[in-house]
């Protein structure tokens with residue numbers, strides 16, 4: 001292959017579309033490998049109460065097919081149903097060469113090319129566009145005593161519905177959008193305590209396009225400097241939402257500082273306070289699912305990867321590799337634009353100058 005795309009979420013499908021538009025032949029010049037059992041990227045795993053009216057916005061993929069045409073006008077339709085249906089329609093209508101389920105085990109240098117080792121065989125490519133996102137890398141902080149806890153611990157990655165927590169004492173850890181959404185739901189059926197590492201920052205007023213661009217610019221500056229990208233919420237604060245309004249009105253947004261250790265029956269703080277609980281739910285975000293790229297030695301001592309290129313998708317130390325959905329392109333709108341930029345820059349680097357048009 002000339003190019004292999006790893007991942008078929010928003011970023012991967014955007015890159016695949018622009019590769020095909022540039023004249024590369026599906027499954028002869030490029031292909032797409034996806035870990036998931038079906039279309040939809042991480043959206044197919046989202047909890048059932050997350051609807052199109054409550055998510056942060058799902059932008060249309062390039063190619064002229066609209067999410068609204070697949071999802072209909074009902075904003076209460078489950079995101080875990082509507083988005084995979086839309087992605088599947090796009091894959092089929094545009095004849096994108098997505099192969100699944102395929103686990104990419106490692107990517108390494110081999111005779112001047114990139115060797116992609118999968119559970120279904122080996123592929124050699126001149127370039128790779130990595131679009132594996134974050135869903136497969138849930139982050140749980142290392143807290144002393146975690147192994148002692150006799151209750152249940154889970155990550156937001158594994159959350160489905162509030163019903164399973166009825167009557168239990170639940171500690172929800174995390175200061176992001178998902179934490180607030182889950183807190184609002186579980187607090188209706190169980191006593192909850194909200195814990196965050198820093199005092200949560202609520203964005204005042206409407207969240208404007210200018211706010212979004214400023215946040216992306218700050219994350220982009222970090223990855224260009226080789227720093228870990230951090231989360232967009234840490235830059236923007238929590239944007240206004242119905243979940244926040246309802247939770248505040250119900251008095252469940254009383255935040256506690258981060259505990260220092262976990263006990264057999266709950267958590268404890270340095271000031272001597274203890275809190276009993278049956279469940280600790282970690283809504284503490286995600287890392288980047290890049291373990292398969294470890295043989296390339298991209299990560300620096302600071303835990304980041306120095307990025308270059310017009311939209312900071314190109315790995316500075318290895319221009320054969322683009323990370324789409326990393327850093328500033330982690331949002332749904334950023335993933336589409338970054339897919340186009342990555343294709344244009346990668347093909348130019350490989351000596352395959354093709355016109356990559358802005359479309360869709």
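The values are calculated or read from the model by the stated rules, or taken from the named source; none is laboratory data. Predicted model, so just to flag it, every value in this text is computed and none were measured. Counting neighbours? That spans all protein chains shown, and the Cβs are built from the backbone with ideal geometry, glycine included.
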- Message: Residues to consider are 148, 122, 96; find the one that is touching a strand residue (DSSP E or B) at 6+ places or on another chain (Cβ under 9 Å) and surrounded by 15 or more Cβ atoms within 10 Å (Cβ to Cβ).
- Response: 96
- Unmet criterion (only one of (1) at pLDDT below 95; (2) under 26 Å from residue 259 (Cβ atoms)) for residue 143: (1)
- Can you find even one residue in the stretch 267-290 that is at pLDDT 95 or above and closer than 30 Å to residue 125 by Cβ? yes
- Item | Residues being farther than 19 Å from residue 40 by Cβ and touching a helix residue (DSSP H, G or I) at 6+ places or on another chain (Cβ under 9 Å) - total across the stretch 130-142 | 1
- Message: Here's a check for you: in the stretch 81-113, which residue that is touching a helix residue (DSSP H, G or I) at 6+ places or on another chain (Cβ under 9 Å) and part of a strand (DSSP E or B) is farthest from residue 298 (Cα to Cα)?
- Response: 98
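Per-residue answers, yes or no, for (1) in contact with a helix residue (DSSP H, G or I) (Cβ under 9 Å, 6 or more places away or on another chain); (2) without any contact (Cβ under 8 Å) to a residue 24 or more places away in the chain:
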residue	(1), (2)
149	no, no
208	no, yes
215	yes, yes
226	no, no
241	yes, no
- Restricting the stretch 189-203 to residues that are touching a helix residue (DSSP H, G or I) at 6+ places or on another chain (Cβ under 9 Å) and at pLDDT 95 or above, the one surrounded by the fewest Cβ atoms within 10 Å (Cβ to Cβ) turns out to be 189
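The rows are residues; the columns are (1) under 22 Å from residue 164 (Cα atoms); (2) in a strand (DSSP E or B).
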{"position": "243", "(1), (2)": "yes, no"}
{"position": "248", "(1), (2)": "no, no"}
{"position": "252", "(1), (2)": "yes, no"}
{"position": "259", "(1), (2)": "no, no"}
{"position": "270", "(1), (2)": "no, no"}
{"position": "280", "(1), (2)": "yes, yes"}
{"position": "289", "(1), (2)": "no, no"}
{"position": "292", "(1), (2)": "no, no"}
- Message: Could you check the stretch 114-154 and list, in sequence order, the residues that are over 30 Å from residue 176 (Cα atoms) and assigned to a strand (DSSP E or B)?
- Response: 114, 115, 116, 117, 118, 121, 122, 123, 124, 125, 127, 128
